[in-house]
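The values are calculated or read from the model by the stated rules, or taken from the named source; none is laboratory data. All figures in this text were calculated on a predicted structure; none of them were measured in a lab. Positions of Cβ are generated from backbone atoms using ideal geometry, with glycine treated the same way; all protein chains shown enter the neighbour counts. SASA here: full protein model, heavy atoms, side chains in, ligands and nucleic acids out. Shrake-Rupley method; radii C 1.70, N 1.55, O 1.52, S 1.80 Å.
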Amino acid sequence: MKLSELAVGASAVIRELPKSGTAFVRLREMGMLAGTRVSLVRVAPLGDPIEVKLRGYHLSLRKSEAEHVLVDPVT
Amino acid sequence: MALPSHISGVHPTSSSRTPVYALVGNPNCGKSTLFNALTGLKQKVGNYPGVTVEKKVGTAYSQHGQPITVIDLPGAYSLAARSPDEAVTRDVLLGRRADTPQPDRILCIVDATNLERNLYLVHQVLDLGRPVILVVNMMDVAAQAGLDVRIDRLEHELGIPVIACEAVNGRGVIDLKLAMSRADLPLSRHAWDVPPPIAPAVAELQASLSASDGKPPLIARAEALLLLTDQDSVRVAGSTPLSRRTAEILRNWQQRWEAEGTDWASSLVNSRYDAIGSIAQAAVTQAGSAGPTLSDRIDRYATHPVWGWLLLGLMMTALFLSIFTLAEHPMNFIDESVAALADAVKAAMPAGDLRDLVTDGAIAGVGGVIIFLPQILILFFFIGLLESTGYMARAAFIMDRLMSRVGLNGKSFIPLLSSYACAIPGIMATRTIEDQKDRLVTILVAPLMSCSARLPVYLLMIAALVPGEQVPLLTKVGIMLLMYALGTFGAFGFAWLFKRTLLKGEPPLMIMELPPYRLPGMKDVLLHMLERGWLFLRRAGTVILGISVVLWFLAAYPKAPDDATPTQQLAQSFAGRAGHTLEPAIKPLGFDWQIGIGLITSFAAREVFVSTMGVVFNAEAEDEDTTPLRQALLAARWPDGRPLFTPLVCFTLMIFYVFAMQCVSTVAVVRRETNSWKWPLFQIGYLTGTAWILSFIVYQGGRALGF
């Protein structure tokens, strides 16, 4: 599923990020790699952007980026 | 038992040259606090030539009193730069900047609570082959979160001195100074494997960088690695470009990898994180799982769909209330002091042109600008407070959706909001916006937010507009709100337009860290406020002084006969003649040459319009009381006897002031922040043009409707 579809409070493991695009190189550099565990902390009051937690810190990104990130939900 | 390597064998450096340290780290890891703790007030703040990135250099003293130079580089997540700030950090570390020598040694600061992501930058820095000291900050916060960070293990894994630190209360700073004053520092023995598919490219780029670009071998390797993730996409003035040969090699490899489907950038990032992962695994143990942190609990309210907006509104109300109430007394004080100074000079100097130049030109002109300094400082203080507590990122998070409608991101929100008080701190606060085009768009539209200097103009015009001595409160508030709304819609409209035409770019990203809430370091916030205020005075000072003198000259020359009144003097001055020259252009707006004089002189600052009208119509307004001036305005006539200040003309003038760029300080700041005259001139053009067109529509439309 897509990272943007993750429910609030749910956790997932990143499966795949797009190869190109500055946004995704930067997301990788910020530690979002295939195999990284993330959880969706909250969605901004107006529905975008989203806040995720990974590697012990919180990161916001827009849904337009999050929908290109594929994840495997962890139950 | 042997002492840790950074304590044993301490020999103060004996070389006569002061060692230069660069301080690098991620944003929000306590870097500025450490810099302040190391250098105290011994710092110099300036700019990197050609870029609007702050350059901070300070002097620390070793335990033996030896001076050590420390350059505080802008916060960066990676050397693969995505913003001008990060580009400067990259360029200084790689020795690409002619204005800043490559630092001898590097001080890396990391946040203990977030070691993995922080170590990414450290990992890139270690490639540079310079001695590195690692400072692990916020050890106390990490301990509270149940994280055990083993300093000795980190030292063992990396082979460099590692210092545990709590910069907020100064713990660890002495150890750090001891390590910094060591004559010899070990180079890192940390080794990692460049992924095999890209290793040949790294080797080839490295060879070309040392042969064609004259880079030393280790720097060449570091730069080669960087080029594969960076692609040199963010360039700033003052850094040397790549040689043609190196650029060609890079392009060839990229084409080849694209054809093969090799994911070069991410395989590099992956292997760095693999190496970091094993370091972190050896050094960090999580003792039990901590529950929701305080930040989590605060954010439940701060970003809540109801409470979040309420809190944001409350914060902003507090901000504006404090600007208007707290600034009042210092503003009066400055006003009185400037007047007293002018009087003292008048008494001390013989009457004449030189005296008038000093008192009416220089002192009055500069006084008109520094009167806004209290407001500007309070704004800087608030912006600093919002940044250091972590709330700034939440405001951006909440507002991003709205700002994205016009193609900006949430980070433009605080700069634009600050511009309601004064565009200068707003424009200077745009430095937190990474994307250069977004930053420029924000700067271009910031003066549209109705600032406090427009208030005297609005109030005078409302008084002249409404019949009767007293303006009903509701009418006053209603008209004011209309003006604020017009400016705000204008700002968003133009932002939308510019993002689609002139400054078209990729949709801005909103990849932003939401740092944990922290208690603000008051010392750091105050220091930041003073630095910013000083920077404004120093940078804008000369332009403001120059234009003030020119405007004074225009109003004072040519001299009228000695018995002329100030009104007659102004009428026949260059400014008065310019008013006449301007009249054909502003007559379609309902303005005559006398209003034209006000438009010219108020280019210094909008509120000057009020005092100019006082001189033009020979009715000095006494401080707050606009009654005599209001009556003089209402008595003013066109040569054919029609009243000049009809309600429609007053309203049109207000519209004009909503849009026109009537502020020399803003022009000076935009010139400094964009590093060219092109943008401030464009800004004057488009804003004043819009002001004219809208005033024309309102006036002619109003006339057609019978007003």
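Numbers below:
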item	result
Angle between chain B longest axis and helix B:522-556 axis [Cα atoms, degrees, rounded to 10]	40
Largest-first ellipsoid semi-axes for segment B:474-524, taking √(5λ) over the Cα gyration tensor eigenvalues, angstrom	32, 26, 9
Flagged links, alpha-carbon separation over 32 Å, of B:K55/B:K499; A:K2/B:K215; B:K31/B:K678; A:K2/B:K55; B:K44/B:K504	A:K2/B:K215; B:K31/B:K678; A:K2/B:K55; B:K44/B:K504
Peptide-level mean, for B:296-303, of C-beta atoms on other protein chains within 10 Å	2
Pairwise label distance in nanometres, B:K504 with B:A318, each label 7 Å out on the Cα-Cβ vector	4.4
Most to least packed among B:517-528, B:122-133, B:152-163, B:34-45 [average Cβ atoms within 10 Å]	B:122-133, B:152-163, B:34-45, B:517-528
Sum of -39500 (n - 2.57) over DSSP H runs of 4+, divided by residues of chain B (222 nm, nearest 500)	-18000 deg cm²/dmol
Range of Cα positions in chain B per principal axis (Å), largest first	96, 61, 55
Apportionment of accessible area to carbon and sulfur, segment B:323-380, percent (1.4 Å)	70
Isotropically averaged projected area of segment A:6-75, using the convex hull of Cα atoms (one quarter of hull area), nm²	4.3
Diffusion coefficient, µm² s⁻¹, Stokes-Einstein with Kirkwood Rh over alpha-carbon pairs of the protein assembly as shown at 10 °C and 1.306 mPa s	55
Convex hull per residue volume in Å³, alpha carbons only, for segment B:149-254	176
Nearest 10 degrees, 0 to 90: helix B:264-283 Cα axis against chain B principal axis	70
D_trans [Stokes-Einstein, Kirkwood Rh over alpha-carbon pairs] for segment B:282-393, 37 °C, 0.692 mPa s, µm² s⁻¹	179
Accessible area of chain B divided out per residue, in Å², using a probe of 1.4 angstrom	41
For segment B:375-448 and segment A:12-52, distance of Cα centres in Å	25
Angle between chain B longest axis and helix B:373-389 axis [Cα atoms, degrees, rounded to 10]	30
Inter-chain shielding of B:502-511 (mean C-beta neighbours from other protein chains, 10 Å cut-off)	4
Per-peptide average of other Cβ atoms within 10 Å, ordering B:316-322, B:19-25 highest first	B:19-25, B:316-322
The protein assembly as shown - charge dipole about Cα centre, Lys and Arg +1 at Cβ, Asp and Glu -1, debye rounded to 20	1000
Whole-angstrom Cα spans of segment B:640-707 along principal axes, big to small	47, 19, 18
10 Å Cβ neighbours from other chains, averaged over peptide A:16-27	5
Buried area at the A-B interface (accessible, heavy atoms, 1.4 Å probe, summed, Å²)	3200
